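These notes are about the structure you will find just below.
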Amino acid sequence: MSAYVVEAPAVPTVPVEGEAAAFPVRRILCVGRNYWAHRREMGAGDDDRDPPFFFTKPADAVVPPGADPAYPPCTADLHHEIELVVAIGRPGVAVPVEAALDLVYGYAVGVDLTRRDLQAAAKAKGQPWDAAKGFDASAPISAIRRWQGPAPTGRIALSVNGEVRQDAAVADMIWNVAEIVSEASKLWALAPGDLIFTGTPEGVAALARGDRVEGEVEGVGALAFTVAA
Ligand code: MN
């Protein structure tokens, strides 16, 4: 006999390199405006000194490697944002920066798919970003690479149909990984299964149906998908 009145949702998962068992996704936190050059391309002035901030996507927004996300409804301006993703493996509350990397299970490569037209409309009206950011299949992700020690700092890049659109370094982030995890742990009790998308560098642009997207973070891995019809 079921303990639930409707069918219980499946636990979204992300594969882990070299492991038969998968990483269960509890929730997805995302950092906004974490690279200066991307802030400028999004219209921020040189006097912009606001710290980065968080928004969220639902756990079942993940698109595991090998799957292709559909072009989402209600947009004519779907954008790619290549991001380093932190997979949290240990719980933590108000963790100091010096201890924050102890919570990290590993890293992955993700794309924060964005309905940019809905985001612009939300910004103009002072409304929340959920429909712009947290839609179905909005978080394609690579397998997770287990990791200990200093966080990745290398090249982060994305190409569409073989043309490089985003090409920067993780080291250019305004908040580094330890600072992101520490800040997040002040706002939420972090727990195993949490994913944190750490923000995108400059070069975000529109995707069309049928586009082939390939992304990589040096030392972490790569992902590839086709935008389905
Ligand atoms: Mn983003």
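The values are calculated or read from the model by the stated rules, or taken from the named source; none is laboratory data. Keep in mind that what you see is a predicted model, and the values were worked out from it rather than measured. We place every Cβ from the backbone using ideal geometry, glycine too, and count neighbours over all the protein chains shown.
Summary table below
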quantity: Residues satisfying the stated conditions in segment 137-172, i.e. in a strand (DSSP E or B), away from the ligand (no atom under 16 Å from the Cβ) and either touching an Asp or Glu at 6+ places or on another chain (Cβ under 7 Å) or in contact (Cβ under 8 Å) with a residue 60 or more places away in the chain (or both); calculated: Ile144, Arg145, Arg146, Arg155, Ser159, Val160
quantity: Odd one out for Thr56, checked against (1) hydroxyl-bearing (Ser, Thr, Tyr); (2) more than 16 Å from the ligand (Cβ to nearest atom); (3) in contact (Cβ under 8 Å) with a residue 60 or more places away in the chain; calculated: (2)
quantity: Ala222 under 14 Å from Pro152 (Cβ atoms) and surrounded by fewer than 19 Cβ atoms within 10 Å (Cβ to Cβ); calculated: yes
quantity: Cβ pairs under 7 Å, 6+ apart, first in segment 27-39 and farther than 25 Å from Gly193 by Cα and away from the ligand (no atom under 11 Å from the Cβ), second part of a loop (DSSP other than H, G, I, E, B) and not small (Gly, Ala, Ser); calculated: Trp36/Ile174; Ala37/Pro201; Ala37/Glu202; Arg39/Arg33; Arg39/Asp48
quantity: Test: residue in segment 60-71 that is in contact with a helix residue (DSSP H, G or I) (Cβ under 8 Å, 6 or more places away or on another chain) and either modelled with pLDDT of 95 or more or within 16 Å of the ligand (Cβ to nearest atom) (or both); calculated: no
quantity: Wholly within segment 76-136, helices (runs of 4 or more DSSP H) carrying at least 2 residues that are at pLDDT below 95 and either away from the ligand (no atom under 16 Å from the Cβ) or over 18 Å from the mean Cα position of the chain (by Cα) (or both); calculated: none
quantity: Among (1) more than 16 Å from the ligand (Cβ to nearest atom); (2) surrounded by fewer than 18 Cβ atoms within 10 Å (Cβ to Cβ); (3) of a type in the set (A, V, I, L, M) - the single one Val16 does not satisfy; calculated: (2)
quantity: Unique residue being among the small types (Gly, Ala, Ser), within 16 Å of the ligand (Cβ to nearest atom), part of a loop (DSSP other than H, G, I, E, B) and touching a residue at least 12 places away in the same chain (Cβ under 8 Å) when the list is Gly215, Gly199, Gly219, Gly210; calculated: Gly199
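Residues are listed down the side, and each one gets a yes or a no for (1) touching a residue at least 24 places away in the same chain (Cβ under 8 Å); (2) over 20 Å from Leu187 (Cβ atoms):
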| site | (1), (2) |
| --- | --- |
| Pro64 | yes, yes |
| Pro69 | yes, yes |
| Ile82 | yes, yes |
| Val104 | yes, no |
| Val109 | yes, yes |
| Ala124 | no, yes |
| Trp129 | yes, no |
